[in-house]
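The values are calculated or read from the model by the stated rules, or taken from the named source; none is laboratory data. Note that this is a predicted model, so its numbers are computed, not measured. Ideal geometry is used to build each Cβ from the backbone, glycine not excepted, and the neighbour counts take in all protein chains shown.
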Amino acid sequence: MLRADDWPTYRHDSRRSGVSAATLKFPLSESWQVKGGYPRQAWSGPAKWDAYSGNSGLQSMRNFDPCFYVTSVGDLVYFGSSHDNAVHALDAETGEERWVFFTEAPVRLPPTIHDGVAFAGSDDGHLYALDARSGNLIWKDRGSPDDRRIPSNASMISLWPVRTAPLVVNNTLFFTASLTPWESSWLIAANPETGIRQFSQEISNVTLQGALLATADTLIAPQGRSAPLLYDLKTGKPSGAIGHAGGVFCLVTEDNQLISGPKSQKAKDNQLFLTDAKGARVATFNDTSCAVVANGIAYLHTRGSLKAVALGKVKDELSEWAVDTPPPSELIVSSEAVILGYDGGIKAYSRENGSLLWESLIPQGGAVHGLAISGSMLYASDSHGTIRAYAP
(Lines give C-alpha, C1' and ligand atoms only; values in the text may rest on other atoms or scores of the structure.)
Protein backbone atom coordinates (compact mmCIF):
# COMPACT_ATOMS: atom_id res chain seq x y z
CA MET A 1 0.00 0.00 0.00
CA LEU A 2 1.46 3.34 -1.07
CA ARG A 3 1.73 6.18 1.42
CA ALA A 4 0.87 9.70 0.33
CA ASP A 5 4.50 10.70 0.87
CA ASP A 6 6.13 7.80 -1.04
CA TRP A 7 8.09 8.39 -4.26
CA PRO A 8 7.11 5.27 -6.28
CA THR A 9 8.32 6.21 -9.77
CA TYR A 10 10.78 8.46 -11.57
CA ARG A 11 10.06 12.09 -10.58
CA HIS A 12 7.26 10.92 -8.28
CA ASP A 13 4.24 10.29 -10.57
CA SER A 14 2.97 9.60 -14.07
CA ARG A 15 3.24 13.31 -14.91
CA ARG A 16 6.93 13.25 -13.86
CA SER A 17 6.03 16.35 -11.89
CA GLY A 18 8.78 16.24 -9.25
CA VAL A 19 6.16 17.40 -6.72
CA SER A 20 5.58 15.72 -3.35
CA ALA A 21 3.07 16.59 -0.65
CA ALA A 22 5.55 15.42 1.98
CA THR A 23 6.89 17.85 4.57
CA LEU A 24 10.61 17.87 5.30
CA LYS A 25 11.76 19.11 8.71
CA PHE A 26 14.81 21.28 8.15
CA PRO A 27 17.66 21.24 8.93
CA LEU A 28 18.55 17.83 7.55
CA SER A 29 21.70 15.82 8.21
CA GLU A 30 23.33 13.16 6.07
CA SER A 31 22.18 9.78 7.36
CA TRP A 32 24.04 7.48 4.97
CA GLN A 33 25.58 7.25 1.53
CA VAL A 34 26.03 4.47 -0.98
CA LYS A 35 28.70 4.61 -3.69
CA GLY A 36 27.41 2.71 -6.69
CA GLY A 37 30.31 3.29 -9.08
CA TYR A 38 30.36 5.80 -11.91
CA PRO A 39 27.32 5.70 -14.22
CA ARG A 40 28.02 4.48 -17.76
CA GLN A 41 25.67 6.72 -19.69
CA ALA A 42 23.88 5.61 -22.82
CA TRP A 43 25.15 8.55 -24.86
CA SER A 44 28.13 10.86 -24.73
CA GLY A 45 27.48 14.56 -24.21
CA PRO A 46 26.78 17.11 -26.94
CA ALA A 47 29.34 18.41 -29.38
CA LYS A 48 31.55 21.14 -27.91
CA TRP A 49 30.20 23.68 -30.34
CA ASP A 50 27.89 24.13 -33.33
CA ALA A 51 29.81 25.76 -36.18
CA TYR A 52 26.67 26.38 -38.26
CA SER A 53 24.88 28.23 -35.46
CA GLY A 54 28.01 29.64 -33.85
CA ASN A 55 27.09 28.17 -30.47
CA SER A 56 29.29 26.76 -27.73
CA GLY A 57 28.37 25.13 -24.41
CA LEU A 58 25.52 23.20 -26.03
CA GLN A 59 22.90 21.44 -23.93
CA SER A 60 22.61 17.67 -24.21
CA MET A 61 19.30 16.44 -25.59
CA ARG A 62 19.73 12.80 -24.50
CA ASN A 63 21.03 13.17 -20.93
CA PHE A 64 18.43 10.93 -19.27
CA ASP A 65 20.74 8.73 -17.13
CA PRO A 66 23.47 10.95 -15.58
CA CYS A 67 23.06 9.41 -12.11
CA PHE A 68 21.36 6.57 -10.26
CA TYR A 69 17.88 8.03 -9.71
CA VAL A 70 15.93 6.49 -6.83
CA THR A 71 12.38 5.55 -6.05
CA SER A 72 11.17 4.77 -2.54
CA VAL A 73 8.16 3.07 -0.98
CA GLY A 74 7.84 2.31 2.72
CA ASP A 75 11.16 1.28 4.22
CA LEU A 76 12.97 0.53 0.94
CA VAL A 77 14.84 2.69 -1.56
CA TYR A 78 15.36 1.38 -5.11
CA PHE A 79 17.69 2.27 -7.96
CA GLY A 80 18.80 0.86 -11.28
CA SER A 81 22.48 0.77 -12.13
CA SER A 82 24.29 1.27 -15.42
CA HIS A 83 27.51 0.39 -13.58
CA ASP A 84 26.74 -3.20 -12.54
CA ASN A 85 23.62 -3.90 -14.68
CA ALA A 86 21.36 -4.43 -11.69
CA VAL A 87 18.31 -3.29 -9.73
CA HIS A 88 19.11 -2.60 -6.07
CA ALA A 89 16.92 -2.23 -2.98
CA LEU A 90 18.33 -0.47 0.08
CA ASP A 91 17.12 -0.13 3.66
CA ALA A 92 15.77 3.42 3.86
CA GLU A 93 17.02 3.92 7.41
CA THR A 94 20.55 2.50 7.10
CA GLY A 95 21.36 2.29 3.39
CA GLU A 96 22.22 -1.39 3.72
CA GLU A 97 21.44 -3.49 0.66
CA ARG A 98 18.33 -5.61 1.12
CA TRP A 99 18.42 -7.30 -2.28
CA VAL A 100 19.92 -7.04 -5.76
CA PHE A 101 18.70 -8.41 -9.09
CA PHE A 102 21.15 -8.61 -11.98
CA THR A 103 20.12 -8.15 -15.60
CA GLU A 104 22.32 -8.68 -18.67
CA ALA A 105 22.91 -5.00 -19.48
CA PRO A 106 22.63 -1.52 -17.88
CA VAL A 107 19.48 -0.47 -16.02
CA ARG A 108 19.31 3.25 -16.76
CA LEU A 109 16.25 4.48 -14.87
CA PRO A 110 14.81 3.52 -11.47
CA PRO A 111 12.12 0.88 -11.04
CA THR A 112 8.47 1.87 -10.74
CA ILE A 113 6.79 0.38 -7.67
CA HIS A 114 3.14 -0.64 -8.03
CA ASP A 115 1.09 -3.00 -5.84
CA GLY A 116 4.18 -4.59 -4.31
CA VAL A 117 5.97 -5.10 -7.64
CA ALA A 118 9.10 -3.31 -8.89
CA PHE A 119 9.05 -2.83 -12.67
CA ALA A 120 12.44 -2.16 -14.26
CA GLY A 121 13.63 -1.90 -17.84
CA SER A 122 17.08 -3.00 -18.99
CA ASP A 123 19.30 -2.45 -21.99
CA ASP A 124 19.13 -6.23 -22.43
CA GLY A 125 15.70 -5.58 -24.00
CA HIS A 126 13.54 -6.91 -21.16
CA LEU A 127 11.02 -5.42 -18.79
CA TYR A 128 11.34 -7.14 -15.40
CA ALA A 129 8.59 -7.50 -12.79
CA LEU A 130 10.24 -8.15 -9.41
CA ASP A 131 8.78 -8.72 -5.98
CA ALA A 132 9.40 -5.34 -4.33
CA ARG A 133 10.22 -6.90 -0.94
CA SER A 134 12.44 -9.79 -2.00
CA GLY A 135 13.67 -8.99 -5.52
CA ASN A 136 12.42 -12.36 -6.80
CA LEU A 137 11.48 -12.45 -10.48
CA ILE A 138 7.70 -12.61 -11.05
CA TRP A 139 7.71 -12.30 -14.83
CA LYS A 140 9.66 -10.66 -17.63
CA ASP A 141 8.85 -9.58 -21.17
CA ARG A 142 11.23 -8.97 -24.06
CA GLY A 143 10.00 -5.88 -25.83
CA SER A 144 11.01 -6.88 -29.35
CA PRO A 145 10.38 -10.15 -31.21
CA ASP A 146 14.13 -10.73 -31.68
CA ASP A 147 17.05 -11.00 -29.29
CA ARG A 148 19.87 -9.31 -31.19
CA ARG A 149 22.77 -7.75 -29.28
CA ILE A 150 25.26 -5.04 -30.19
CA PRO A 151 28.29 -3.58 -28.34
CA SER A 152 27.66 -0.22 -26.66
CA ASN A 153 29.80 1.58 -24.08
CA ALA A 154 31.51 -1.52 -22.66
CA SER A 155 28.28 -3.54 -22.66
CA MET A 156 26.43 -5.89 -24.97
CA ILE A 157 22.95 -4.43 -25.27
CA SER A 158 19.79 -5.32 -27.13
CA LEU A 159 19.13 -3.59 -30.42
CA TRP A 160 15.84 -2.70 -28.69
CA PRO A 161 16.68 -1.65 -25.11
CA VAL A 162 14.01 -0.60 -22.60
CA ARG A 163 15.06 2.96 -21.78
CA THR A 164 11.85 4.86 -21.04
CA ALA A 165 11.14 4.18 -17.32
CA PRO A 166 8.12 1.90 -16.75
CA LEU A 167 4.87 3.83 -16.40
CA VAL A 168 1.71 2.57 -14.68
CA VAL A 169 -1.49 4.49 -15.46
CA ASN A 170 -5.05 3.28 -14.79
CA ASN A 171 -3.64 -0.12 -13.75
CA THR A 172 -1.92 -0.52 -17.12
CA LEU A 173 1.85 -0.88 -17.46
CA PHE A 174 3.50 0.90 -20.40
CA PHE A 175 7.04 0.41 -21.67
CA THR A 176 8.94 0.62 -24.95
CA ALA A 177 11.72 -1.17 -26.80
CA SER A 178 13.65 1.22 -29.01
CA LEU A 179 17.08 2.47 -30.03
CA THR A 180 17.53 3.62 -33.62
CA PRO A 181 15.08 5.13 -36.13
CA TRP A 182 16.12 2.72 -38.89
CA GLU A 183 14.91 -0.27 -36.87
CA SER A 184 11.32 -0.78 -35.74
CA SER A 185 10.42 0.15 -32.16
CA TRP A 186 7.64 -1.18 -29.94
CA LEU A 187 5.18 0.50 -27.59
CA ILE A 188 3.70 -2.07 -25.22
CA ALA A 189 0.84 -2.01 -22.71
CA ALA A 190 0.48 -4.93 -20.30
CA ASN A 191 -1.41 -6.11 -17.26
CA PRO A 192 1.01 -5.29 -14.41
CA GLU A 193 -0.03 -8.36 -12.40
CA THR A 194 0.28 -11.01 -15.09
CA GLY A 195 2.39 -9.39 -17.80
CA ILE A 196 -0.23 -10.30 -20.41
CA ARG A 197 -0.06 -7.72 -23.18
CA GLN A 198 -3.04 -5.50 -23.90
CA PHE A 199 -1.44 -4.16 -27.07
CA SER A 200 1.93 -3.98 -28.80
CA GLN A 201 2.35 -1.27 -31.42
CA GLU A 202 5.22 -1.53 -33.91
CA ILE A 203 6.49 1.96 -34.72
CA SER A 204 8.87 3.11 -37.45
CA ASN A 205 11.36 6.00 -37.62
CA VAL A 206 11.48 6.75 -33.89
CA THR A 207 14.04 6.55 -31.10
CA LEU A 208 12.24 6.40 -27.75
CA GLN A 209 14.35 7.32 -24.71
CA GLY A 210 13.83 9.12 -21.42
CA ALA A 211 10.86 8.65 -19.13
CA LEU A 212 7.38 8.02 -20.54
CA LEU A 213 4.75 10.30 -19.03
CA ALA A 214 1.03 10.85 -19.37
CA THR A 215 -1.78 13.39 -19.34
CA ALA A 216 -5.33 12.33 -18.53
CA ASP A 217 -5.75 10.52 -21.85
CA THR A 218 -2.43 10.76 -23.74
CA LEU A 219 0.88 8.95 -23.44
CA ILE A 220 3.94 11.12 -24.18
CA ALA A 221 7.16 9.50 -25.38
CA PRO A 222 10.32 11.66 -25.49
CA GLN A 223 12.88 11.04 -28.24
CA GLY A 224 15.83 13.28 -27.42
CA ARG A 225 16.82 14.91 -30.70
CA SER A 226 13.35 14.44 -32.19
CA ALA A 227 9.92 15.68 -31.14
CA PRO A 228 8.04 13.95 -28.30
CA LEU A 229 5.38 11.61 -29.68
CA LEU A 230 1.76 11.34 -28.51
CA TYR A 231 -0.26 8.11 -28.22
CA ASP A 232 -3.77 7.30 -27.06
CA LEU A 233 -3.56 5.73 -23.60
CA LYS A 234 -6.29 3.18 -24.27
CA THR A 235 -5.29 1.98 -27.74
CA GLY A 236 -1.68 3.00 -28.27
CA LYS A 237 -2.63 4.63 -31.56
CA PRO A 238 -0.45 7.63 -32.54
CA SER A 239 -2.05 11.02 -32.11
CA GLY A 240 0.69 13.38 -33.29
CA ALA A 241 3.83 15.00 -31.94
CA ILE A 242 4.91 18.22 -30.21
CA GLY A 243 6.76 19.52 -33.25
CA HIS A 244 8.60 22.42 -31.64
CA ALA A 245 9.77 20.38 -28.63
CA GLY A 246 12.59 17.92 -28.01
CA GLY A 247 15.05 16.65 -25.43
CA VAL A 248 14.36 14.14 -22.69
CA PHE A 249 13.26 16.52 -19.92
CA CYS A 250 9.45 16.58 -19.93
CA LEU A 251 6.76 17.08 -17.32
CA VAL A 252 2.99 17.51 -17.37
CA THR A 253 1.48 20.24 -15.20
CA GLU A 254 -1.73 20.00 -13.17
CA ASP A 255 -3.50 21.66 -16.12
CA ASN A 256 -2.32 19.04 -18.62
CA GLN A 257 0.22 21.42 -20.11
CA LEU A 258 3.62 20.09 -21.15
CA ILE A 259 7.03 21.52 -20.25
CA SER A 260 9.79 20.20 -22.48
CA GLY A 261 13.09 21.10 -24.10
CA PRO A 262 13.81 22.46 -27.59
CA LYS A 263 13.92 20.46 -30.81
CA SER A 264 17.55 21.41 -31.54
CA GLN A 265 20.71 22.80 -29.94
CA LYS A 266 20.73 25.95 -32.06
CA ALA A 267 19.43 28.34 -29.41
CA LYS A 268 22.06 30.50 -27.70
CA ASP A 269 20.70 29.54 -24.26
CA ASN A 270 19.18 26.44 -22.74
CA GLN A 271 15.41 26.60 -23.23
CA LEU A 272 12.20 25.04 -21.99
CA PHE A 273 8.82 25.38 -23.67
CA LEU A 274 5.35 25.41 -22.10
CA THR A 275 2.82 23.79 -24.44
CA ASP A 276 -0.95 23.63 -23.97
CA ALA A 277 -3.05 20.47 -24.22
CA LYS A 278 -3.58 21.08 -27.95
CA GLY A 279 0.15 21.27 -28.69
CA ALA A 280 0.40 25.06 -29.08
CA ARG A 281 3.36 26.83 -27.48
CA VAL A 282 2.26 29.04 -24.58
CA ALA A 283 5.59 30.34 -23.30
CA THR A 284 9.34 30.01 -23.73
CA PHE A 285 11.66 30.01 -20.72
CA ASN A 286 15.13 31.11 -21.83
CA ASP A 287 18.38 30.09 -20.13
CA THR A 288 16.44 27.35 -18.34
CA SER A 289 17.21 23.62 -18.28
CA CYS A 290 14.83 22.29 -15.61
CA ALA A 291 11.65 23.41 -13.90
CA VAL A 292 8.91 22.23 -11.59
CA VAL A 293 5.29 23.40 -11.34
CA ALA A 294 3.08 23.18 -8.24
CA ASN A 295 -0.29 24.84 -7.54
CA GLY A 296 -0.01 27.05 -10.59
CA ILE A 297 3.48 28.31 -9.75
CA ALA A 298 6.48 27.50 -11.95
CA TYR A 299 9.83 27.32 -10.18
CA LEU A 300 12.70 27.70 -12.63
CA HIS A 301 16.22 29.07 -12.87
CA THR A 302 17.10 31.76 -15.39
CA ARG A 303 19.78 34.44 -15.69
CA GLY A 304 21.40 33.40 -12.40
CA SER A 305 18.22 33.37 -10.31
CA LEU A 306 15.73 30.80 -9.09
CA LYS A 307 12.31 32.31 -9.71
CA ALA A 308 8.73 31.58 -8.72
CA VAL A 309 6.45 32.59 -11.58
CA ALA A 310 2.66 32.39 -11.49
CA LEU A 311 1.20 30.71 -14.58
CA GLY A 312 -2.20 31.39 -16.09
CA LYS A 313 -4.19 34.49 -16.89
CA VAL A 314 -4.32 35.86 -13.35
CA LYS A 315 -0.95 36.68 -11.81
CA ASP A 316 -0.54 36.08 -8.10
CA GLU A 317 2.06 38.72 -7.27
CA LEU A 318 2.35 37.56 -3.65
CA SER A 319 3.69 34.18 -4.75
CA GLU A 320 6.35 35.52 -7.14
CA TRP A 321 9.94 35.96 -6.05
CA ALA A 322 13.54 35.60 -7.28
CA VAL A 323 16.74 34.66 -5.49
CA ASP A 324 20.30 34.23 -6.75
CA THR A 325 21.28 30.55 -6.81
CA PRO A 326 23.67 28.22 -8.62
CA PRO A 327 22.32 26.80 -11.89
CA PRO A 328 20.40 23.62 -11.03
CA SER A 329 20.84 20.16 -12.44
CA GLU A 330 17.58 19.13 -10.70
CA LEU A 331 14.56 20.79 -9.09
CA ILE A 332 11.80 19.22 -7.02
CA VAL A 333 9.15 20.54 -4.63
CA SER A 334 7.95 19.44 -1.19
CA SER A 335 4.97 20.89 0.68
CA GLU A 336 6.94 23.94 1.78
CA ALA A 337 10.24 23.97 -0.11
CA VAL A 338 11.82 24.14 -3.55
CA ILE A 339 14.85 21.86 -3.48
CA LEU A 340 17.67 22.51 -5.91
CA GLY A 341 20.46 20.07 -6.80
CA TYR A 342 23.55 21.57 -8.39
CA ASP A 343 27.21 20.85 -9.08
CA GLY A 344 28.56 20.49 -5.55
CA GLY A 345 25.53 20.50 -3.33
CA ILE A 346 21.85 20.91 -2.48
CA LYS A 347 19.85 23.96 -1.39
CA ALA A 348 16.26 24.23 -0.15
CA TYR A 349 14.29 27.47 -0.48
CA SER A 350 10.95 28.51 0.95
CA ARG A 351 8.10 28.22 -1.56
CA GLU A 352 6.52 31.23 0.13
CA ASN A 353 9.28 33.81 -0.25
CA GLY A 354 12.46 32.18 -1.59
CA SER A 355 14.38 32.37 1.69
CA LEU A 356 17.12 29.76 2.17
CA LEU A 357 15.91 26.99 4.51
CA TRP A 358 18.85 24.58 4.34
CA GLU A 359 21.90 23.64 2.32
CA SER A 360 24.41 20.81 2.16
CA LEU A 361 27.69 20.71 0.25
CA ILE A 362 29.15 17.59 -1.36
CA PRO A 363 32.84 17.53 -0.41
CA GLN A 364 33.92 15.39 -3.37
CA GLY A 365 31.94 17.47 -5.87
CA GLY A 366 29.63 16.01 -8.47
CA ALA A 367 26.40 17.41 -9.88
CA VAL A 368 23.21 16.38 -8.08
CA HIS A 369 20.97 15.25 -10.95
CA GLY A 370 18.48 13.23 -8.90
CA LEU A 371 16.35 14.26 -5.90
CA ALA A 372 13.52 12.33 -4.27
CA ILE A 373 11.45 12.64 -1.10
CA SER A 374 9.90 9.75 0.80
CA GLY A 375 8.51 9.99 4.30
CA SER A 376 10.80 12.34 6.23
CA MET A 377 13.83 11.56 4.06
CA LEU A 378 15.48 13.37 1.16
CA TYR A 379 17.57 11.36 -1.31
CA ALA A 380 20.17 12.87 -3.62
CA SER A 381 21.95 11.12 -6.52
CA ASP A 382 25.03 12.64 -8.11
CA SER A 383 27.08 12.26 -11.28
CA HIS A 384 29.77 10.28 -9.43
CA GLY A 385 27.30 7.47 -8.72
CA THR A 386 26.77 8.27 -5.04
CA ILE A 387 23.34 8.20 -3.39
CA ARG A 388 22.95 10.17 -0.16
CA ALA A 389 20.10 10.08 2.34
CA TYR A 390 19.25 13.07 4.54
CA ALA A 391 17.07 12.91 7.64
CA PRO A 392 15.90 15.42 10.30
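Things worth noting here:
- The one condition from (1) under 23 Å from the mean Cα position of the chain (by Cα); (2) crowded, with 17+ Cβ neighbours inside 10 Å; (3) over 25 Å from residue 274 (Cβ atoms) that residue 339 does not meet is (3).
- Criterion (buried (at least 18 other Cβ atoms within 10 Å of the Cβ), more than 27 Å from residue 19 (Cβ to Cβ), touching a Gly at 6+ places or on another chain (Cβ under 9 Å) and hydrophobic (A, V, I, L, M, F, W, C)) met by exactly one of 188, 242: 188
- Taking residues in the range 204-231 that are surrounded by 24 or more Cβ atoms within 10 Å (Cβ to Cβ) and modelled with pLDDT under 90, and partners anywhere that are aromatic (Phe, Trp, Tyr) and in a strand (DSSP E or B), not one pair has Cβ atoms closer than 7 Å while being at least 6 places apart or on different chains.
- Candidates 164, 180 - the one that is crowded, with 23+ Cβ neighbours inside 10 Å, in a loop (DSSP other than H, G, I, E, B) and either among the small types (Gly, Ala, Ser) or modelled with pLDDT under 95 (or both): 164
- Residue in the range 63-83 that is β-branched (Val, Ile, Thr), touching a Lys or Arg at 6+ places or on another chain (Cβ under 8 Å) and either more than 27 Å from residue 338 (Cβ to Cβ) or at pLDDT 95 or above (or both) present: yes
- Residue within the range 187-200 that is in contact (Cβ under 8 Å) with a residue 24 or more places away in the chain and within 20 Å of residue 64 (Cα to Cα) present: yes
- Of all the residues in the range 131-156, those that are hydrophobic (A, V, I, L, M, F, W, C) and either exposed (fewer than 14 other Cβ atoms within 10 Å of the Cβ) or modelled with pLDDT under 95 (or both) number 4.
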